Structure formats: C-alpha cells, structure tokens
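Colleague: Please read through the structure below; I'll follow up with questions.
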C-alpha cells in the first residue's frame, strides 16, 4: 500500500509552511493565487487526499479519532483527563472506531505547532480534551478542515461544538447545600479565568450566596494554581486571615489538598470547617476521605463527544453548539453545620 501523502510532504517540496498548504487546499485567505495554484497542482500530482474527502467514502464504516491533550493535565501518573480519555476510547470502540492520542507539550502549544496527528492524514476528526491556549486553538481551527469537538471546555469565537459538565448549576447546588447547613462565611477555591469551567463554577457559587443574602468577599476567592500556566503542581493554597466556616472548591484535587493544609494548621474537617469539591475524582486520596462533591458524568460526556464527532466525520456538519451534561451531588462526610464559637 502506497504511503499516504501528508501536508508536510507538499510543504517541504515547495518550501512553505503546512499552514500555507492547508489554507491553499481549503481555499482560505492568506495565500497568493500563484502559490495556491502551485500547491493544488503538486497535491494532485502526488495524489493527496484530504481527510474530509476520505471520511465521506460510502464504504467506510470506522474512523480514526485524534485525541489532543495538553501535557500539563497529565503531569501525574493519573489525572481527571486521563480518566476522560479512557471513557472516550471506550465510547469510540463501541462505535467500531479508534482513537489516537497526542500529548501537546508546552513548547509546541506556545509555538502553535500543528499536531503530528493532523499532519499525518491518519485521522478523520479531532477531540480536544481540556482547554488549551487560545492562539493554539485558533491555529488548530484554521490549519485543518477536519471536524473538531471540544470536550470539558468551550471557547467563544471559535466555531467548534463542545461538550461540558454543568459547572454553573453544579457549584450553585453545592454552595446552596453549604448555605442550607447554616454556613455564611463560605470561600471559593479556584484561580479565576484559568479555565472557563473554574469561572463558571465561581458564578454558580456567587448565585447561591446572593440568593441566600450573603455578601461576596474578595478575600474569599482563593487561587489554587499558577495564573500564567494554569498548572496546579507546585502551587500552595494560601488560607485567608479571617477563616471561613466552609470552602467550595472548584475540583476535588484542590479540595483534598486544602483539607491537608487545614489539618496541618490544626483544623478538623468537618468539625471545625466544611469542604466541598467538584468532579468526584481524587485518585490520590490516600486517607480515603469521603468528600462531599458534585459528580461529573464523565461517561455521558465522552459518549456525547464521540457521537457528535462521528456525525461530523460521516458528513453531517450541522452545528450543535455547546452541550451541557448534568451530573449529581454526592453527600460525603466533609460537611457539618458550622461550629459555635
């Protein structure tokens, strides 16, 4: 079987970038008519077949789905996104399709280098798991005619379908639960604007406080990761001077780390301070803490993302926008009524 011609093969022959080749073949702006004609002529000569054309073959019954994840999400031996990838892989196999994973390191993300899976021509569509820097996502959207679905995030201004958890109402319910237990001094743990899910969860937290007549406090918004990189590894959560009676954490990883910090400072959870998390995922929970949290429906999200990308790869390019998958509250053992002074 002859080796499939890649965008990089054409780019190398004409001494141009793969982005230029992709734009020329998909009739996008930014390429001179002369160069566009040369690229198309060489593509025909070499027998290049675009992934979009390949996926429309009537006799094709299975697809290759490229999965892209930023390396910072996989710094540890396991992670929430590794679990999500496994569910995507399972959902794809159930539909007689296959996944191919590419982990994007920080240098490639910063330089906006096209993923090797996209260049290879071996995949029919892309699922991006976990938000990446906007310039990289814009490059990915413009550099290929492959269908793309975002999983666990959305990005305004980029016309890609997305599947997300119910961050806003999920955190609203968890914070409302704390309020129903009598808590009035509730802090939010999460670095705002590092991901849209953290910010959406913050707004759900705000809604619950406002409906319960509780004042929003700036000193009760506590970072849990580095602002520039969004990485949690190596970051230490700092407690406020005026201690809350409860903390609403944007994820279980932050919640478990916070509980450890509180214990080192002499606080008991939940006797002195209550803590809730989000995700229902904390693989490194060495003390087996039964955390009160909001369980994200990872399996449901993965199935819907695969369903949407398969429809697009089969030729149905109907926009589906952002789909929200509801989760459920888990009543653990980290919440009690506030202790009386």
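Colleague: Quick one: in segment 250-259, of everything that is touching a helix residue (DSSP H, G or I) at 6+ places or on another chain (Cβ under 9 Å) and over 15 Å from residue 205 (Cβ atoms), which residue is surrounded by the fewest Cβ atoms within 10 Å (Cβ to Cβ)?
Modeller: If we take residues in segment 250-259 being touching a helix residue (DSSP H, G or I) at 6+ places or on another chain (Cβ under 9 Å) and over 15 Å from residue 205 (Cβ atoms), then 253 is surrounded by the fewest Cβ atoms within 10 Å (Cβ to Cβ).
Colleague: Given the condition crowded, with 19+ Cβ neighbours inside 10 Å, within 27 Å of the chain's Cα centre (by Cα) and touching a residue at least 12 places away in the same chain (Cβ under 8 Å), answer yes or no: does some residue in segment 260-274 qualify?
Modeller: Pass one, segment 260-274, residues crowded, with 19+ Cβ neighbours inside 10 Å: 262, 269-270, 273-274.
In the following step, the residues that additionally are within 27 Å of the chain's Cα centre (by Cα) were identified as none.
No, because not a single residue in segment 260-274 is crowded, with 19+ Cβ neighbours inside 10 Å, within 27 Å of the chain's Cα centre (by Cα) and touching a residue at least 12 places away in the same chain (Cβ under 8 Å).
Colleague: Can you tell me which residue among 247, 226, 203 is outside any loop (DSSP other than H, G, I, E, B), surrounded by fewer than 16 Cβ atoms within 10 Å (Cβ to Cβ) and under 27 Å from the mean Cα position of the chain (by Cα)? Quick ask: steps written out before the conclusion?
Modeller: Working: 247 fails: surrounded by fewer than 16 Cβ atoms within 10 Å (Cβ to Cβ); 226 fails: outside any loop (DSSP other than H, G, I, E, B).
Testing whether each residue is outside any loop (DSSP other than H, G, I, E, B), surrounded by fewer than 16 Cβ atoms within 10 Å (Cβ to Cβ) and under 27 Å from the mean Cα position of the chain (by Cα) leaves just 203.
Colleague: Same structure again: When you look at residue 281, is it crowded, with 17+ Cβ neighbours inside 10 Å and modelled with pLDDT under 95, yes or no?
Modeller: yes
Colleague: Can you tell me how many residues within segment 139-154 are surrounded by fewer than 20 Cβ atoms within 10 Å (Cβ to Cβ) and either at pLDDT 95 or above or over 17 Å from residue 319 (Cβ atoms) (or both)?
Modeller: Residues in segment 139-154 being surrounded by fewer than 20 Cβ atoms within 10 Å (Cβ to Cβ) and either at pLDDT 95 or above or over 17 Å from residue 319 (Cβ atoms) (or both): 2 in total.
Colleague: Here's a check for you: in segment 170-187, which residue that is touching a residue at least 60 places away in the same chain (Cβ under 8 Å) and farther than 22 Å from residue 271 by Cβ is surrounded by the most Cβ atoms within 10 Å (Cβ to Cβ)?
Modeller: My answer is 171.
Colleague: Does at least one position in segment 209-227 carry a residue that is touching a residue at least 40 places away in the same chain (Cβ under 8 Å) and more than 20 Å from residue 280 (Cα to Cα)?
Modeller: For segment 209-227, residues touching a residue at least 40 places away in the same chain (Cβ under 8 Å) and more than 20 Å from residue 280 (Cα to Cα): absent.
Colleague: I've got another one for you. Does segment 82-99 contain any residue that is surrounded by fewer than 20 Cβ atoms within 10 Å (Cβ to Cβ), outside the structural domain of residue 26 (by TED's automatic domain parsing), within 13 Å of the chain's Cα centre (by Cα) and modelled with pLDDT under 95?
Modeller: Yes, because at least one residue in segment 82-99 is surrounded by fewer than 20 Cβ atoms within 10 Å (Cβ to Cβ), outside the structural domain of residue 26 (by TED's automatic domain parsing), within 13 Å of the chain's Cα centre (by Cα) and modelled with pLDDT under 95.
Colleague: On to the next question. If I filter segment 159-169 for residues that are more than 14 Å from the chain's Cα centre (by Cα) and either assigned to a helix (DSSP H, G or I) or modelled with pLDDT of 95 or more (or both), do I get at least one hit?
Modeller: yes
Colleague: Shifting gears a bit: Output the residues belonging to segment 39-80 that are assigned to a loop (DSSP other than H, G, I, E, B) and modelled with pLDDT of 85 or more.
Modeller: 63
Colleague: Still on this model: Residue check: is residue 114 closer than 21 Å to residue 50 by Cα and in contact with a strand residue (DSSP E or B) (Cβ under 7 Å, 6 or more places away or on another chain)?
Modeller: No.
Colleague: May I pose another question? Collect the residues in segment 7-38 that are more than 21 Å from residue 115 (Cα to Cα) and assigned to a helix (DSSP H, G or I), keeping them in residue-number order.
Modeller: Of everything in segment 7-38, those that are more than 21 Å from residue 115 (Cα to Cα) and assigned to a helix (DSSP H, G or I) turn out to be 33, 34, 35, 36, 37, 38.
Colleague: Of all residues in segment 126-138 being buried (at least 16 other Cβ atoms within 10 Å of the Cβ) and modelled with pLDDT of 95 or more, which is nearest to the chain's Cα centre (by Cα)?
Modeller: Per the criteria, the residue is 129.
Colleague: Under the condition of being in contact with a helix residue (DSSP H, G or I) (Cβ under 7 Å, 6 or more places away or on another chain) and part of a loop (DSSP other than H, G, I, E, B), which residue from segment 188-200 is surrounded by the fewest Cβ atoms within 10 Å (Cβ to Cβ)?
Modeller: If we take residues in segment 188-200 being in contact with a helix residue (DSSP H, G or I) (Cβ under 7 Å, 6 or more places away or on another chain) and part of a loop (DSSP other than H, G, I, E, B), then 193 is surrounded by the fewest Cβ atoms within 10 Å (Cβ to Cβ).
Colleague: Then there is this: Residue 333 - would you say it is in contact (Cβ under 8 Å) with a residue 12 or more places away in the chain, out of contact with any helix residue (DSSP H, G or I) (no Cβ under 8 Å at 6 or more places or on another chain), more than 20 Å from residue 190 (Cβ to Cβ) and exposed (fewer than 12 other Cβ atoms within 10 Å of the Cβ)?
Modeller: Here the answer is yes, as residue 333 does meet what is asked.
The values are calculated or read from the model by the stated rules, or taken from the named source; none is laboratory data. Just so you know, these numbers come straight off a predicted model, no measurement behind them. In this analysis, Cβ positions are derived from the backbone assuming ideal geometry, glycine residues included, and neighbour counts consider all displayed protein chains.
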